[in-house]
Amino acid sequence: MIRVRSALFTEAADGDLRSAADARKAVALAAGIPASWAELRQVHGADVKRVEGPGHFGEGDALWTTDPEVPLAVFTADCAGVVLVAKGAVGVAHAGWRGAAAGVVPALVDVMRTAGHAPIRAIVGPLIAPCCFEVGPEVADLFPGRTAVTTWGTTSVDLRGVIADQLESTPVEFLPGCTRHEMRWLSHRRDRTDSRMATVGWMEQ
């Protein structure tokens, strides 16, 4: 379980707990937030939804709210969970390479800014690092200037760098490490797991 300035929690959905529901309750208790969160059916796109209560809000990859009673959650296992903190609002985004290529993070920034809540900082949870993120040329070509090389010598993409570029002047903190080769994180590429980590953003009252 990781806490970053009370804006981000990540917790394995299975871990040592009996169920995802138990994991959610444990995270909520530790954070002092409700166990009912707002979430989406993630589709690796750039749709952004404003929410004013907990529950499932259909397809999309980013949420934001001005309600301090509503934690927002996205779920990952190599993709990045991104929290945007603003005065009077908070947003979260699910950003893998498809979401990054679609522009989900700048889309969330733009929606929040247009509503008068310009993000003042961003926090990015655990994700796959360039050392292990092997991609084909069709993916690498989407991110000119942000290609890299894996530890075994194949083409990679620096997803952290892509997200930082998209945030432009917004200060950003990245949780270090790599989900694929660090066993403390869940990784779909490593294990083909169906379990996910939760990145949860909320407003402090």
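The values are calculated or read from the model by the stated rules, or taken from the named source; none is laboratory data. Since we're looking at a predicted model, the values are computed, not measured. Cβ sites come from the backbone with ideal geometry, for glycine too, and all protein chains shown count toward neighbours. Protein only, heavy atoms only, side chains kept; ligands, DNA and RNA dropped before computing areas. Shrake-Rupley method; radii C 1.70, N 1.55, O 1.52, S 1.80 Å.
Oblate is the label for the chain, because the ratio a/c of its alpha-carbon gyration tensor axes (a ≥ b ≥ c) is 1.5 or higher and a/b is not greater than b/c. The helix-only estimate of mean residue ellipticity at 222 nm for the chain, built from DSSP H runs of length n ≥ 4 each weighted as -39500 (n - 2.57), is -6000 deg cm²/dmol after division by the residue total.
Could you list the GluC sites (Glu not before Pro) in segment 108-205 that lie in coil according to DSSP, counting only those with at most 10 other Cβ atoms within 10 Å of their Cβ?
Details: sites: Glu134, Glu138, Glu168, Glu173, Glu182, Glu204; in loops: Glu168, Glu182, Glu204.
Answer by residue number: Glu168.
For segment 94-143, with every protein chain kept in place, what is the accessible area per residue (1.4 Å probe, Å²)? Working shown, then result.
On the way: 1790 Å² over 50 residues.
So segment 94-143 comes to 36 Å² accessible per residue, rounded to a whole number.
As a calculated quantity, the FRET efficiency between His181 and Ala140 at R0 = 22 Å, using C-beta atoms, amounts to about 0.60. Label-to-label distance, Glu59 versus Arg41, with points set 7 angstrom from Cα along the beta-carbon direction: 0.8 nm. Placing +1 on the Cβ of every Lys and Arg and -1 on the Cβ of every Asp and Glu, with nothing else charged, gives segment 67-205 a dipole about its Cα centre of roughly 180 debye.
Paramagnetic label reach from Glu204 (point 7 Å along Cα→Cβ; backbone nitrogen cut-off under 14 Å): within segment 104-130, residues 121.
Pick out, in residue order, every one of the chymotrypsin sites (Phe, Trp or Tyr not before Pro) in segment 109-174 that is DSSP loop and has at most 13 other C-beta atoms within 10 Å; say none if there are none. Intermediate results must be reported in sequence, preceding the final value.
On the way: sites: Phe133, Trp152, Phe174; in loops: Phe133, Trp152.
Of the chymotrypsin sites (Phe, Trp or Tyr not before Pro), the ones in loops of segment 109-174 whose Cβ has at most 13 other Cβ atoms within 10 Å are Trp152.
Note on the chain: antiparallel DSSP beta bridges, both residues inside, total approximately 75 percent of the bridges counted.
Hey, with R₀ at 22 Å, roughly what FRET efficiency would Thr193 and Ala21 work out to, going by the Cβ-Cβ distance, to 0.05?
Numbers: r = 18 Å, r/R0 = 0.81.
For Thr193 and Ala21, the calculated efficiency is 0.75.
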